[in-house]
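Below you'll find the structure, written out as structure tokens, and then a few comments.
Nothing in this text is a laboratory measurement; each read-out follows from the coordinates by a stated rule. Every value quoted in this text rests on a predicted model; they were computed, and no experiment measured them. Every residue, glycine as well, gets a Cβ built from its backbone with ideal geometry; the counts of neighbours run over all protein chains shown.
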């Protein structure tokens, strides 16, 4: 979808990219109440192994935010239709 949108919107100088975070350390559990888990549960299969670049430690929300700031800036003017993986190499273990 990202690549198709990038193609369709390029003539309007609109860039489309996808930020794909891996394991990111957050405090979401502190402000999220779990409801209806049985009705909404989607099985998730995590890759075996650890996050290679950090020795198994999850990334930080700032790691994802910095990629988004870069993509929103003029410095990424020639990037479109790309998935940007912010996962410390974890996706390579699949």
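Data overview
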| read-out | value |
| --- | --- |
| Cα gyration tensor category, rounded, prolate or oblate, for segment 24-71 with a/c compared to 1.5 | oblate |
| Per-selection metrics, the chain (Cα): Rg and Dmax in Å | 16.4, 45 |
| Exposure proxy order (Cβ contacts within 10 Å, fewest to most) of 63, 87, 38 | 38, 63, 87 |
| Segment residue 76-residue 32, length gained on full extension (0.36 nm per residue, minus Cα span) | 12.4 nm |
